[in-house]
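Working notes, beginning with the structure itself.
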Amino acid sequence: MESGKRSLSFKIMVALVAGILVGLIYTFIPEDLKLFDQSVKSFLNDNLLQGIFLLAKTWFINSLKLIVVPLVLVSLICGTCSLSDPNKLGSMTLRAGGLYLFTTGIAVILGICFAILLEPGSGVSLSSHAKPNAEAVSVFDMFLNLITQNPFYSISELRPNMLQIIIFAILFGLAISLSGEKGKPVATLFESMNEVIMKLVTLIMKVAPYGIFCIMAIVVSEAEWQKLMSLIKYFLLVIVVLIFHALVVYPALLKIIANINPIAFLKKFKPVMLFAFSSSSSSATLPVTLEVSEKRIGVGNSTASFVLPLGSTINMDGTAILQGIATVFVAQQYGIDLTFGQYLTVILTATMASIGAAGVPSAGIVLLVGVLGSVGLPTESIAMILGIDRILDMVRTVVNVTGDATVATIVSKWEGNFSDKTFNDPDAGLQYEAEKLKHS
Ligand code: ASP
């Protein structure tokens, strides 16, 4: 499985570079040589890029869009079902849930502020025919329409209303779990559906290299150099904010709230970060996060075993940062000034999307389609961002798992089951962890 994942990242890299090269070569081919003659034109459109490449690009982007609504709906319903398990309700849920929301809020706002200040997408004016009609929704209207009159309508619109879908999913999930035994079959059904949808995401990601190849070839051949430059700016900005969140925000919270030495914490947490980086999946990293948090850092077992699995499902600060920056970036590329109400919508939908995102590779970028759609930005713009997302995915997964362990540590301190002895012992749990990793 591991090698499969690696080979996908590798394929995406190769596709990216190959697409750029093909696009460059295409730029230098004389115009009349590019055009197809009349006999093939009716099948393949005007030329290769406007024909086969455009077709592959559109299919790929549409397949991403088609997965968004089922993904958000089903994964949020499943998440709410398990969250409201009566045994798990209580002070820990409130404390952990509150902290998770708090750190995710900081993450999106941080992303948005950095993107507004550093303007990675400015200086690129996308062609007017592609210009979307981003609606300026007032804050009041946004609240007014939070609850849909008809969930099937919200789901089936071409531009689905993500906020309405999210609220409906949470209500539905709660109702399932409150129905007790009678609700169980429905919960099981949604869990199975979740599995199937995750499989669909994996399938779609399998063809991502081809989609990305075509997208890059088209982008480069249209010589949108400013666009490429701004993509590099975007990439660097996301990395900087992710690192800032992991190395400044979390350490500050650990020090201020729990009086924990953040440097010692990060040192002990390093193997988890490496695992998250190479797997791009907080769920796959969970066993290692649990191991290190309990045996090396000293988080109490009862806290770790509840707070960490919850975090790996609902707490994705790195993902929220990405969504905040990416949305502002796309708006800047289209020369759209987002209104206050739209920023608020982005904060809400990005927070919810990061909660709804499963801890698997590329979940965050797929849900970005929904966040962009919530403020009327063109979802096509995701195509370019996708090309460089594999690396960003690795870094944001590191942030996601670091956030989980930070919150677990603070909650453990609050609950009074944190072991200072384990934390202060540099060798605590070392042997155990090394042996486990060797055998896994
Ligand atoms: N890969 C991330 C994770 O598992 C989710 C995402 O794509 O943002 O934490």
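Scan region 323-351 residue by residue and report those that are within 23 Å of Phe60 (Cα to Cα) and of a type in the set (Ser, Thr, Tyr).
Thr327, Tyr334
Could you give every pair whose Cβ atoms fall below 9 Å, whose first residue belongs to region 254-266 and is crowded, with 19+ Cβ neighbours inside 10 Å, and whose second residue is of a type in the set (Asp, Glu), counting only separations of at least 6 or pairs across chains?
none
Between a residue in region 381-409 that is in contact (Cβ under 8 Å) with a residue 40 or more places away in the chain and more than 9 Å from the ligand (Cβ to nearest atom) and any residue that is charged (D, E, K, R) and part of a helix (DSSP H, G or I), which pairs come within a Cβ distance under 6 Å, given they are 6 or more apart or on different chains?
Listed pairs, sorted by first residue: Gly403/Asp317.
Would you confirm, using the coordinates I've provided, whether Asp337 is acidic (Asp, Glu) and at pLDDT 90 or above?
no
Quick test of your reading of the structure: Ser354 fulfils all but one of (1) buried (at least 24 other Cβ atoms within 10 Å of the Cβ); (2) more than 22 Å from Ala56 (Cβ to Cβ); (3) away from the ligand (no atom under 16 Å from the Cβ). Name the failing condition by number.
Among (1) buried (at least 24 other Cβ atoms within 10 Å of the Cβ); (2) more than 22 Å from Ala56 (Cβ to Cβ); (3) away from the ligand (no atom under 16 Å from the Cβ), Ser354 violates only (3).
Run down Gln333, Gln323 and say which single residue is within 11 Å of the ligand (Cβ to nearest atom), out of contact with any strand residue (DSSP E or B) (no Cβ under 6 Å at 6 or more places or on another chain), closer than 24 Å to Leu386 by Cβ and among the polar types (S, T, N, Q).
Checking each option against the conditions leaves just Gln323.
Of all the residues that make up region 35-81, how many are over 21 Å from the mean Cα position of the chain (by Cα) and at pLDDT below 80?
Within region 35-81, the subset over 21 Å from the mean Cα position of the chain (by Cα) is 35-59, 81.
Adding the requirement that they be at pLDDT below 80 leaves 35-51, 81.
Counting residues in region 35-81 that are over 21 Å from the mean Cα position of the chain (by Cα) and at pLDDT below 80 gives 18.
Among the residues of region 348-365, write down those that are in contact with a helix residue (DSSP H, G or I) (Cβ under 6 Å, 6 or more places away or on another chain) and either under 21 Å from Leu158 (Cα atoms) or among the small types (Gly, Ala, Ser) (or both).
If the condition is that a residue be in contact with a helix residue (DSSP H, G or I) (Cβ under 6 Å, 6 or more places away or on another chain) and either under 21 Å from Leu158 (Cα atoms) or among the small types (Gly, Ala, Ser) (or both), then Thr349, Ala350, Met352, Ala353, Ser354, Gly356, Ala357, Ala358, Gly359, Ser362, Gly364, Ile365 are the ones that fit.
Could you list, in sequence order, all residues of region 294-317 that are within 16 Å of the ligand (Cβ to nearest atom) and either among the hydroxyl-bearing types (Ser, Thr, Tyr) or more than 24 Å from Ala353 (Cα to Cα) (or both)?
If the condition is that a residue be within 16 Å of the ligand (Cβ to nearest atom) and either among the hydroxyl-bearing types (Ser, Thr, Tyr) or more than 24 Å from Ala353 (Cα to Cα) (or both), then Ser312, Thr313 are the ones that fit.
The values are calculated or read from the model by the stated rules, or taken from the named source; none is laboratory data. Just so we're clear, the structure is a prediction, and the values are computed from it rather than from any experiment. In this analysis, Cβ positions are derived from the backbone assuming ideal geometry, glycine residues included, and neighbour counts consider all displayed protein chains.
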